[in-house]
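Let me begin by presenting the structure, written as structure tokens, before commenting on it.
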Amino acid sequence: MFISKFGSAPKFYARAPGRVNLIGEHIDYCGYAVLPMAIEQDILIAVEPAQTQVVQLANTNSSYLDFSTSVNNIQINKTKPQWHNYFLCGLKGIQEHFGLNNPTGMNCLLDGTIPPSSGLSSSSALVCCAGLVTLRANGKTLSKVELAEICTKSERYIGTEGGGMDQSISFLAEEGTAKLIEFSPLRATDVRLPSGATFVIANSCVEMNKAATSHYNIRVMECRLATKLLSKSKGLEWRKILRLHDVQTKLGVSLEEMLTIVEEVLHPEPYSAEEICKCLGISLEELHSQILSQNMQDVSTFKLYQRAKHVYSEAARVLEFQKICSEAPANALQLLGELMKQSHISCREMYECSCPELDRLVDICLQFGAIGSRLTGAGWGGCTVSMVPTDKLNTFLKNVKKAYYQTDGQRLAVENNSLFATKPGRGALVFVEA
């Protein structure tokens, strides 16, 4: 297909995997560690560096249209996050990092096996793969950590205020192990998952595009506002503090103590913009120009107590999950399952990032033998991840198919790609055919 499209053969290939987050939802952008693993599904790009200053993009899936642009004039459209814009994010990130004045043009054919808008990070995998392709085509090198950091920043060109988990696991993943990923500085630690259980991904078939919806960025902003109010109440330099993690660090207290402080300082009723201004002693004008991002100007109420409570409790669950995996007590599976269930309840009740279909799917998975089940990824649609005893796996898959997919014609059409067992896969790489 590459030859029929571009008239010559590709010179190299790059792949970047999707991921499933086992625990630690919506806390990476607050500065807290998360616990994902790469999945086998990936984005694959075949590349031929070109003599012209043009990037030509084509997709094996005909519903994604061809696109071409000059490498010297990258325009990323935030209003409609089309597939090629994610490629352009990775391209622009590498160009800007190296200050490339004369970047190489490329012909690229893209193929992907990660279901789009499913919470398995297809968009970040595309950004990472594009970054890797641009790096190679321009004869430059970077460490995996540097690549992850550049791709995290560059995905923000499309308007998603992500925290870096997706890009980090895409580059730092290793086969056979999940990773605890910590930020500032970025580092990854192996987490050996217990034997006797398999992780199963089930797609709710409700699509959620992070860049196209405001839910995600509103949560980022609510966490930022909670950070400001908590900092101010404790006499910290609140204007300089941006993330909930930084409040904990500055106060030098435990996550449990932070939860107590949330109870003391914030109230469960939503805050109006006016009340936030009163708490911080600033004008509405300052709130809008200094703190709220461009796309948040119309939001009138903010749930600060619920969001902070989720973040601090979820951050504690991640550390507990890692501890259980490393100590491997006899009842490890039960303990991990319990943490996954608690995580889902917090996502549903406190962070409000679930949806009826995800809740139904989690219930079905638990009903048919999962030890733990929760939404994974941003939520509002996308996938669940369940921990299932390996000896019950086939029965589990059969029953979930019947209960969730075969009751609905639309889901039935995609069931084969929607429910699958997965094991930790390897990270992004470039390869050349021998």
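The values are calculated or read from the model by the stated rules, or taken from the named source; none is laboratory data. Quick caveat: nothing in here was measured; it's all calculated off a predicted structure. Here the Cβ is made from the backbone with ideal geometry for all residues, glycine too, and neighbour counts use every protein chain on show. Quick note on the areas: whole protein, heavy atoms, side chains included, nothing else; ligands and nucleic acids left out. Shrake-Rupley method; radii C 1.70, N 1.55, O 1.52, S 1.80 Å.
Against the list (1) under 18 Å from the mean Cα position of the chain (by Cα); (2) closer than 30 Å to D408 by Cβ; (3) open to solvent by 10 Å² or more (accessible area, probe 1.4 Å), the condition S204 fails is (3).
Counting only strands (runs of 3 or more DSSP E) that sit completely within region 359-434, those holding 2 or more residues that are among the small types (G, A, S) and surrounded by 19 or more Cβ atoms within 10 Å (Cβ to Cβ) correspond to 372-376. Checking each residue in region 45-64 for being open to solvent by 60 Å² or more (accessible area, probe 1.4 Å) and touching a helix residue (DSSP H, G or I) at 6+ places or on another chain (Cβ under 8 Å) picks out Q56, Y64. Using the structure shown, decide if D42 is in contact with a strand residue (DSSP E or B) (Cβ under 7 Å, 6 or more places away or on another chain), open to solvent by 50 Å² or more (accessible area, probe 1.4 Å) and either closer than 30 Å to L255 by Cβ or not hydroxyl-bearing (S, T, Y) (or both). When the stated conditions are applied, D42 does not pass them.
Here H267 passes the criteria (1) under 14 Å from L230 (Cα atoms); (2) over 26 Å from the mean Cα position of the chain (by Cα); (3) surrounded by 14 or more Cβ atoms within 10 Å (Cβ to Cβ) except the one numbered (3). When you scan region 387-394, do you find a residue that is at pLDDT 95 or above, farther than 24 Å from G24 by Cβ and of a type in the set (D, E, K, R), even just one? Yes: one or more hits.
Considering region 328-357 alone, what residues qualify as being open to solvent by less than 30 Å² (accessible area, probe 1.4 Å) and over 18 Å from the mean Cα position of the chain (by Cα)?
Of everything in region 328-357, those that are open to solvent by less than 30 Å² (accessible area, probe 1.4 Å) and over 18 Å from the mean Cα position of the chain (by Cα) turn out to be A332, L336, G337, L339.
Scanning region 281-294 for any residue that is more than 26 Å from S373 (Cα to Cα), outside any helix (DSSP H, G or I) and at pLDDT below 95 turns up at least one such residue.
One residue alone among S117, S123 is of a type in the set (G, A, S), in a helix (DSSP H, G or I) and open to solvent by 20 Å² or more (accessible area, probe 1.4 Å), and that residue is S123.
Condition test on C325, is it closer than 25 Å to T177 by Cβ and either in contact (Cβ under 8 Å) with a residue 40 or more places away in the chain or open to solvent by less than 20 Å² (accessible area, probe 1.4 Å) (or both)? Break it down stepwise before answering.
Details: closer than 25 Å to T177 by Cβ: yes; either in contact (Cβ under 8 Å) with a residue 40 or more places away in the chain or open to solvent by less than 20 Å² (accessible area, probe 1.4 Å) (or both): yes.
Yes.
Considering region 101-135 alone, what residues qualify as being over 20 Å from the mean Cα position of the chain (by Cα) and modelled with pLDDT under 95? Scanning region 101-135 gives N101, N102, P103.
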